[in-house]
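The values are calculated or read from the model by the stated rules, or taken from the named source; none is laboratory data. As the structure is a computational prediction, the values presented were derived from the model and not from experiment. All Cβ positions, glycine included, derive from the backbone under ideal geometry; neighbour counts span all protein chains shown. Surface areas here come from the heavy atoms of the whole protein model, side chains and all, with no ligands, DNA or RNA. Shrake-Rupley method; radii C 1.70, N 1.55, O 1.52, S 1.80 Å.
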Amino acid sequence: MKINVQEELKRFKDLTTKKNTVAAGNLSPVLTYLMEQFTELKKADQQIREGIQQLVDEVKNLAGKEQHGPVAKRNHVLFSIYDQVDSLLKVAMVNQDQSQIETYRQLLEYLTTLFTMELNWVPIDAVGKKYNPYEYEGFATTVQHCQERHPQKLEIIRELRKGFSCREQIVRKPLVEFYE
């Protein structure tokens, strides 16, 4: 069944905007513009999905290939991907975009699971522990909001970059902020 847009528009009242009144019969250009915008949003959403799928495929390929090249190069690439997704998650949180937050959070969980299952990398939880320069990269802070929580001296209050260990050896130190 085909809908006659002009006939359907006759049923609506005139649209009043801040600047002027648009007659219901003249809404066709507005609807066309809105449909174009909606189509562009769908394209952008599809591009985000394709980009994430490409990242996932790249991680799978790198994680499954020990002979890909030097291990340090592979680790650098994997950590770069992880950090990029983590940065995108932080940007989405600032923008309060719930769909992107959920997408990037799921992707980080997937990457962490992949690291654990394929490479035996275990995430290092640092917040609340005592700072040790052999285990963590970090910097000291004496910020006022920290004093309200009463952290202990050298207590790690924030993790800026995730660290990983493999069989009790550190693959990458977490970057942390500790209270002094």
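Structure above, values below:
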quantity	calculated
Output for region 46-83, where each listed residue is closer than 14 Å to Thr112 by Cα, touching a helix residue (DSSP H, G or I) at 6+ places or on another chain (Cβ under 8 Å) and either open to solvent by 80 Å² or more (accessible area, probe 1.4 Å) or at pLDDT 75 or above (or both)	Lys60, Leu78, Ile81, Tyr82
The one condition in (1) open to solvent by 60 Å² or more (accessible area, probe 1.4 Å); (2) under 27 Å from Gln53 (Cβ atoms) that Thr142 fails to fulfil	(2)
Subset of region 120-133 [within 15 Å of Glu159 (Cα to Cα), open to solvent by less than 50 Å² (accessible area, probe 1.4 Å) and not in a loop (DSSP other than H, G, I, E, B)]	Pro123, Ile124
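Matching residues to (1) touching a helix residue (DSSP H, G or I) at 6+ places or on another chain (Cβ under 8 Å); (2) modelled with pLDDT under 85; (3) open to solvent by 20 Å² or more (accessible area, probe 1.4 Å); (4) not in a strand (DSSP E or B):
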residue: Ala92; (1), (2), (3), (4): yes, no, no, yes
residue: Thr103; (1), (2), (3), (4): yes, no, yes, yes
residue: Gln106; (1), (2), (3), (4): no, no, yes, yes
residue: Glu118; (1), (2), (3), (4): yes, yes, yes, yes
